[in-house]
Amino acid sequence: MTLEICSPHNQPRRFAIYMARRSTAYRLLTAYMFLVGFAMVAFGNLSPSQAAQSQQHSWVGDVPIMADLSVEPALGFAFDSPNGRIVMIFASSTAKAADIFGFYNESLAAIGWVGGDGEWRRGPETLLISQVSTAAGRLWRLMVRPH
């Protein structure tokens, strides 16, 4: 155990360390508050469907979400497997199947996917879109998986 003696030589050093720590904490708190405020303003201006799309794009990235689809975030998941990524998205919609497949036939072709009407391929991945029955009712399932 060491005994620190308060001497005139230690006081300025201790004060400088105290102020440096306080200043760093203050800057971090200010940055955090700025980011929280920005997020609240940015996401507060989104309609519910835009917010769902924005949230979905943040964790899926390159799977477009049709405006008529309402993503059910509690049901979906995404993870990387040794063979590639696996993404499962569930969404509800009152749109007709032909409209949904038409949207995905067009939009997926524009970003390099090949196929149509429920099954597309790009590189080592397959994207499947189908309607499924769940406890929550009939939903659309968008699934990205390795071939």
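The values are calculated or read from the model by the stated rules, or taken from the named source; none is laboratory data. Please read these numbers as outputs of a predicted model, since none were measured by experiment. In this analysis, Cβ positions are derived from the backbone assuming ideal geometry, glycine residues included, and neighbour counts consider all displayed protein chains.
Can you pull out the residues in the stretch 91-120 that are free of Cβ contacts under 8 Å to residues at least 40 places away in the same chain, surrounded by 14 or more Cβ atoms within 10 Å (Cβ to Cβ) and polar (S, T, N, Q)? Within the stretch 91-120, just ASN105 meets the criteria.
On inspection, GLY112 passes the criterion of being within 22 Å of the chain's Cα centre (by Cα) and either in the same structural domain as MET66 (by TED's automatic domain parsing) or not in a strand (DSSP E or B) (or both).
How many residues does the stretch 71-93 contain that are of a type in the set (Gly, Ala, Ser) and closer than 17 Å to HIS147 by Cβ? Within the stretch 71-93, residues that are of a type in the set (Gly, Ala, Ser) and closer than 17 Å to HIS147 by Cβ number 2.
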